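Visitor: Here it is, the structure in full.
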Amino acid sequence: MTRWLCAMASVVLCATAVHAQETPAQKAERMAWFNNDRFGLFIHWGVYSVPAGEWQGKTNYGEWFLEETKMPVSQYMQYAKEFNPVRFDARQWVRMAKDAGMKYIVITSKHHDGFGIFRSNLTDWCMKATPFPRDPLAELAAACRVEGLRLCFYHSIMDWHHPDWETRRAWNDTAPATPPDMERYIRFMKGQLKELITRYGPLGILWFDGEWEKPWTVERGRDLYNYVRSLQPDIIINNRVGKGRAGMDGMDKGAGGVGDYGTPEQEIPATGFGPGVYWESCMTMNNHWGYNKHDQNWKSTRTLVRNLIDCASKGGNYLLNVGPTSEGLFPEPSVQRLAEIGRWMKVHHEAIYGTSASPFKHLPWGRCTQKAAPDSTTRLYLHVFDWPADGNLLVPGLKNSVDSAALLGSDATVRFAQTPEGVALTLPRVAPDALSSTVLLKIQGKP
Ligand code: GLC
């Protein structure tokens, strides 16, 4: 009995210690891959892809379908019978991400509708309710291992289906007459997280969401953070596990912050936040996260590539979303864009991976990323968004002596001269890459 109590006590201590005792250097080590890789794929996939955004003449739904239609939960659950992704090919999904230059995949193990896209032992509201006999997360985990990408899960804290989520919906006709029991819900959620980490892990990230409703508190957030790290100590957890997030800008403000990094949504911060503050902007390619067959408002590949550069130039990551169909296919415009981004990344990847934020406050013509070399030189990657028609480009205020200047993916000569205003470059008249062209400037010392 005493031994058992001691063992329990040390588990509890260890769980709280994880959060409290990490030094900034230890955190930096845990965050190293995230900070290096910069680019990930977000996937929103669930039974809402069956109605595909449409209900009773309205065509603007996505993964919030259940909440927005206020359909009885029992009726929504019928969609699971049509969720039959016979064309799902995990290897193909992972390869599309990899070829785009993405290094990690964050997929919705469970969204707000509570449906798990795996085979859970703790509920039938998961793949077990579909005609599909396989486990997509098991297949994705295997494919990620083979292809060398990190698998990560988005897991919703809020749950519109589970009767014990305290702000139970009035249209949840599957709930019993007894009131919700939030502690029982938390045990269920932790149980599923344990299934996810022990079966499909080690994972890269646990990406929580739906933390804004009242039943979720900062204490519960801390407890969940510690619990997840006790299952996998080196896992990374986003800040939506806590209560500190201030709206869509996604960064923690004031008290209530828990988690390892900020999560701007559909926006990129105006500037970075300096070393030691980690963040990742998540963004859709069209207007919806979940599959919507009517939504053809696609961002151009050029915008997507420049968003990635923008994030990297501010020391952050870019998490770009795809909403697959209920058959298990990426929409064709997403496939195209991933391939085009991949062609750009093949030439320019060194200007993204392992870089740090721009040393310039502002550049009139684009963005900059940089990499320090061990020999005390620095590589400046100048991402020229507005290519100068006369070929003259000033790198304002740069005083360091320049070793060399070249274009990525082009043999054209780049001449350089130090002037009192900064380094003056002479570029070819035509930009070598229509999406974004990069000048690599090797300089002495730190800029
Ligand atoms: C929002 C939405 C959700 C989406 C998420 C992605 O918080 O609730 O549907 O999954 O953003 O960041």
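Visitor: Restricting to the stretch 397-427, count the residues that are more than 17 Å from GLY445 (Cα to Cα), in a strand (DSSP E or B) and not aliphatic (A, V, I, L, M).
Guide: Qualifying residue count, the stretch 397-427: 5.
Visitor: Is there any pair with a first residue in the stretch 126-141 that is under 20 Å from HIS112 (Cα atoms) and a second that is charged (D, E, K, R) and part of a helix (DSSP H, G or I) whose Cβ atoms are under 8 Å apart and which are 6 or more apart or on different chains, and what are they?
Guide: ALA129/LYS81; THR130/LYS81; LEU137/ARG199
Visitor: Within the stretch 170-213, restricting attention to residues that are within 16 Å of the ligand (Cβ to nearest atom) and in contact with a His (Cβ under 9 Å, 6 or more places away or on another chain), which residue is nearest to LEU319 (Cα to Cα)?
Guide: Only one residue tops the list, namely TRP207.
Visitor: So how many residues does the stretch 343-383 have that are assigned to a strand (DSSP E or B), more than 22 Å from the chain's Cα centre (by Cα) and among the charged types (D, E, K, R)?
Guide: Total satisfying the criteria: 2.
Visitor: Considering only residues of the stretch 28-67 that are among the β-branched types (Val, Ile, Thr) and either more than 11 Å from the ligand (Cβ to nearest atom) or in a helix (DSSP H, G or I) (or both), which is farthest from the chain's Cα centre (by Cα)?
Guide: If we take residues in the stretch 28-67 being among the β-branched types (Val, Ile, Thr) and either more than 11 Å from the ligand (Cβ to nearest atom) or in a helix (DSSP H, G or I) (or both), then THR59 is farthest from the chain's Cα centre (by Cα).
Here's the yes/no breakdown for (1) within 14 Å of the ligand (Cβ to nearest atom); (2) assigned by TED's automatic domain parsing to the domain that holds VAL335; (3) in a loop (DSSP other than H, G, I, E, B):
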{"residue": "ALA97", "(1), (2), (3)": "no, yes, no"}
{"residue": "MET102", "(1), (2), (3)": "no, yes, yes"}
{"residue": "ILE105", "(1), (2), (3)": "no, yes, no"}
{"residue": "THR108", "(1), (2), (3)": "yes, yes, no"}
{"residue": "GLY114", "(1), (2), (3)": "yes, yes, yes"}
{"residue": "ARG119", "(1), (2), (3)": "no, yes, yes"}
{"residue": "ASP124", "(1), (2), (3)": "no, yes, yes"}
{"residue": "LYS128", "(1), (2), (3)": "no, yes, no"}
{"residue": "PRO131", "(1), (2), (3)": "no, yes, yes"}
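Visitor: Counting only residues that are within 16 Å of the ligand (Cβ to nearest atom) and under 23 Å from VAL384 (Cβ atoms), which one in the stretch 260-282 is surrounded by the most Cβ atoms within 10 Å (Cβ to Cβ)?
Guide: SER281
Visitor: Can LEU308 be described as within 16 Å of the ligand (Cβ to nearest atom), crowded, with 22+ Cβ neighbours inside 10 Å and assigned by TED's automatic domain parsing to the domain that holds GLN78?
Guide: For LEU308, the condition - within 16 Å of the ligand (Cβ to nearest atom), crowded, with 22+ Cβ neighbours inside 10 Å and assigned by TED's automatic domain parsing to the domain that holds GLN78 - is not met.
Visitor: I've got another one for you. Only one of these is in a loop (DSSP other than H, G, I, E, B), in contact (Cβ under 8 Å) with a residue 60 or more places away in the chain and of a type in the set (Phe, Trp, Tyr): PHE88, PHE188. Name it.
Guide: PHE88
Visitor: Anything in the stretch 286-304 that is within 13 Å of the ligand (Cβ to nearest atom) and more than 30 Å from GLY257 (Cβ to Cβ)? List them, or say none.
Guide: TYR291, ASN292
Visitor: Just the residues that are of a type in the set (D, E, K, R) and either within 29 Å of ARG229 (Cα to Cα) or touching a Pro at 6+ places or on another chain (Cβ under 8 Å) (or both), please, taken from the stretch 26-73.
Guide: Of everything in the stretch 26-73, those that are of a type in the set (D, E, K, R) and either within 29 Å of ARG229 (Cα to Cα) or touching a Pro at 6+ places or on another chain (Cβ under 8 Å) (or both) turn out to be LYS27, GLU29, ARG30, ASP37, ARG38, GLU63.
Visitor: What's the number of the only condition in (1) part of a loop (DSSP other than H, G, I, E, B); (2) touching a strand residue (DSSP E or B) at 6+ places or on another chain (Cβ under 8 Å); (3) without any contact (Cβ under 8 Å) to a residue 40 or more places away in the chain that ILE237 fails to meet?
Guide: (1)
Visitor: What is the residue count in the stretch 191-222 for residues that are in a loop (DSSP other than H, G, I, E, B), over 18 Å from the mean Cα position of the chain (by Cα) and not basic (Lys, Arg)?
Guide: Selection size over the stretch 191-222: 5.
Visitor: Name every residue in the stretch 154-166 that is within 18 Å of GLU219 (Cα to Cα), assigned to a loop (DSSP other than H, G, I, E, B) and within 16 Å of the ligand (Cβ to nearest atom), in order of residue number.
Guide: Once the filter is applied, which keeps residues that are within 18 Å of GLU219 (Cα to Cα), assigned to a loop (DSSP other than H, G, I, E, B) and within 16 Å of the ligand (Cβ to nearest atom), the stretch 154-166 yields ILE157, MET158, TRP165.
The values are calculated or read from the model by the stated rules, or taken from the named source; none is laboratory data. Quick caveat: nothing in here was measured; it's all calculated off a predicted structure. In this analysis, Cβ positions are derived from the backbone assuming ideal geometry, glycine residues included, and neighbour counts consider all displayed protein chains.
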